[in-house]
Amino acid sequence: MSRSSTSEPTPPTAFRRFAAAVVRAPAFPPAREDLRTVNVVGLEMPFRAAVAIAFVTMAVVFDYTRIFIPESIQVLGRAAEAMRFQAIERAVLYGAVPLAIVVLVFRDSPGRYGLQLGDWRWGAALGLIGVAIMTPVALALAAVPQFGDYYAVSAATPLELVATHTLDLVATEFLIRGFLMFTLVRTFGGIGVLIATLPFVFSHLGKPELELFSTLLGGLIYGWVDWRTGSILYSAVAHIWILSVLLIAAGG
């Protein structure tokens, strides 16, 4: 009499468990208000996504044209004082205004748009990995004439650079990968991460070409980190560190 044997499932290897954990993002289920639509001259569209896309588009255009920056500041070009003023402008235009839209227009919690700790263990780990990889890259780029010439004029003390970049980049991360990206992800799914990367790319027009062409990949990586952790904090801190290292090296 033959004995039949049933094969037991093979337990996942450590690598498979790690790989599964890497892509195990928090759930971003849409609320009813995320999917509420409005009719604009016959065009049916989700209200929150439409507002986010329209506002982010105009905010990037306003910032690019420097319409809110006085002529007395514009003549300074990219000097440290001008960059600090622009950072303050972005803190309002990219940070305070979309936050007001979330609270007053959407009547929603800012935490749903990345203003929370999220998965801090993965956030801290991914942030440290990014910093470890990008620090030598930033130092190498600072020695490239195209980058050195562009960034050296904005050099300042390390404390001043960190303060300027904190005002600038926390607001920028919130606008693009908080306010816009999480709105789109809840409305359209994962493609929202890619769509939200487009204004990030366009905001780098005028910068060194190598940096401009790398922003699609870099923006997707930042967006993936925010999607994975549910927070903009970790990409913002990494962004501040990398840009500050680049400017300190370029100005040194």
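Tabulated results
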{"quantity": "Computed [θ] at 222 nm, helices only, for the chain once each DSSP H run of length n ≥ 4 contributes -39500 (n - 2.57)", "calculated": "-19500 deg cm²/dmol"}
{"quantity": "In range of the label at E209: residues from segment 117-151 whose backbone nitrogen is under 17 Å from the point 7 Å along Cα→Cβ", "calculated": "144-150"}
{"quantity": "Most fluctuating residue given options P12, P29, P145, as computed from a GNM of the chain linking Cα atoms under 10 Å", "calculated": "P12"}
{"quantity": "Prolate/oblate/rounded call for the chain, Cα gyration tensor, a/c under 1.5 rounded", "calculated": "oblate"}
{"quantity": "Shape of segment 44-183, Cα gyration tensor, a/c cut at 1.5", "calculated": "oblate"}
{"quantity": "Low-density loop cleavage sites - trypsin sites (Lys or Arg not before Pro) in segment 48-105, where at most 15 other Cβ are within 10 Å (DSSP)", "calculated": "R66, R78"}
{"quantity": "Computed over the chain: relative contact order in percent, which uses C-alpha pairs under 8 Å that are six or more apart", "calculated": "29"}
{"quantity": "Modelled FRET efficiency - R0 51 Å, T37 with A132, Cβ distances, 0.05 increments", "calculated": "0.70"}
{"quantity": "Options L43, Y94, A27, ranked by Cα towards positive dipole end of the chain, top entry (Cβ charges)", "calculated": "A27"}
{"quantity": "Charge dipole (debye, nearest 20) of the chain; +1 at Cβ of Lys and Arg, -1 at Cβ of Asp and Glu", "calculated": "900"}
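Bear in mind that the values in this text are calculations on the coordinates, not laboratory data. This one's a predicted model, so the numbers in the text were calculated from it and none came from an experiment. Here Cβ is always computed from backbone atoms with ideal geometry, including for glycine, and neighbour counts include all displayed protein chains.
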